[in-house]
1. Mind checking which pairs have a first residue in segment B:6-33 that is within 17 Å of residue B:92 (Cα to Cα) and more than 14 Å from chain A (Cβ to nearest Cβ) and a second that is outside any strand (DSSP E or B) and hydroxyl-bearing (Ser, Thr, Tyr), Cβ under 9 Å, 6 or more apart or different chains?
2. Checking residue A:30 against (1) modelled with pLDDT of 95 or more; (2) within 13 Å of chain B (Cβ to nearest Cβ), only one condition comes out false. Which one?
3. Can you find a residue in segment B:72-86 that is closer than 22 Å to residue A:33 by Cα, buried (at least 20 other Cβ atoms within 10 Å of the Cβ) and more than 13 Å from the chain's Cα centre (by Cα)?
4. Across segment A:42-55, what is the total count of residues that are within 14 Å of chain B (Cβ to nearest Cβ) and exposed (fewer than 11 other Cβ atoms within 10 Å of the Cβ)?
5. Taking the residues in segment A:2-21 that are under 13 Å from the mean Cα position of the chain (by Cα) and among the acidic types (Asp, Glu) as candidates, determine which candidate is surrounded by the fewest Cβ atoms within 10 Å (Cβ to Cβ).
6. Quick one: is residue B:105 within 14 Å of chain A (Cβ to nearest Cβ) and of a type outside the set (D, E, K, R)?
7. Given the criteria over 12 Å from the mean Cα position of the chain (by Cα) and either polar (S, T, N, Q) or at pLDDT 95 or above (or both), does residue A:73 qualify?
8. Among the residues of segment A:25-59, write down those that are among the small types (Gly, Ala, Ser), under 30 Å from residue B:7 (Cα atoms) and out of contact with any Leu (no Cβ under 9 Å at 6 or more places or on another chain).
Amino acid sequence: AQSVTQPDIHITVSEGASLELRCNYSYGATPYLFWYVQSPGQGLQLLLKYFSGDTLVQGIKGFEAEFKRSQSSFNLRKPSVHWSDAAEYFCAVGARRNDYKLSFGAGTTVTVRA
Amino acid sequence: DTEVTQTPKHLVMGMTNKKSLKCEQHMGHRAMYWYKQKAKKPPELMFVYSYEKLSINESVPSRFSPECPNSSLLNLHLHALQPEDSALYLCASSQSNPNEKLFFGSGTQLSVL
């Protein structure tokens, strides 16, 4: 079964600074990988996903992520953070088959200071 | 319309009450999901409906009863809940399986007294 680890529980970053959130996955084959964001009191919104092809994936809100098979990682980055990026970020992995279960990481809380 | 609409947004109920959570989408999605999310935790899958048939039940207690009346609607019937069932209940939908994009509603915040 697939699993995801997000090593950072909480990250604080200054507005305008860069942000990187780490995600490591465990899965025997090439996985489907996702980053979702959740603002307080809201549902989750997909930022980006990776299935195959170019290992650098562009998403919404200026985010990008890089798939590194050798490191089993799918880290999320943003060059310049805005105050509105303060939220909970979840990495998730799905199996390469018709599987209705996604495995979510524990999440990383991002705080943006002025 | 790319929204998943959940009602009510907030619900407070006693342990002897019966209530229902509702979820609606008009994107033509054929898979719909119920997730439970405790504060500061990831969402946990409860149920999946695929083409209006229950596909997955993650060993959820019978006090939670899902229903999919048609392809656009998903209900979660609640009866005799416990205080530990207090959580954010999220509905989601996808075109087929969740390796397609999952669209989430904003959830129902449930408090059981």
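1. B:26/B:72; B:28/B:71; B:28/B:72
2. Every condition holds for residue A:30 apart from (1).
3. Checked against the condition, which is being closer than 22 Å to residue A:33 by Cα, buried (at least 20 other Cβ atoms within 10 Å of the Cβ) and more than 13 Å from the chain's Cα centre (by Cα), segment B:72-86 yields no hits at all.
4. So the count comes out to 1.
5. So the residue we want is A:20.
6. yes
7. Taking the combined requirement at face value, the residue does not satisfy it.
8. A:39
The values are calculated or read from the model by the stated rules, or taken from the named source; none is laboratory data. Quick caveat, the model's predicted, so the values are computed rather than measured. Positions of Cβ are backbone-derived with ideal geometry, glycine not excepted, and every protein chain shown enters the neighbour counts.
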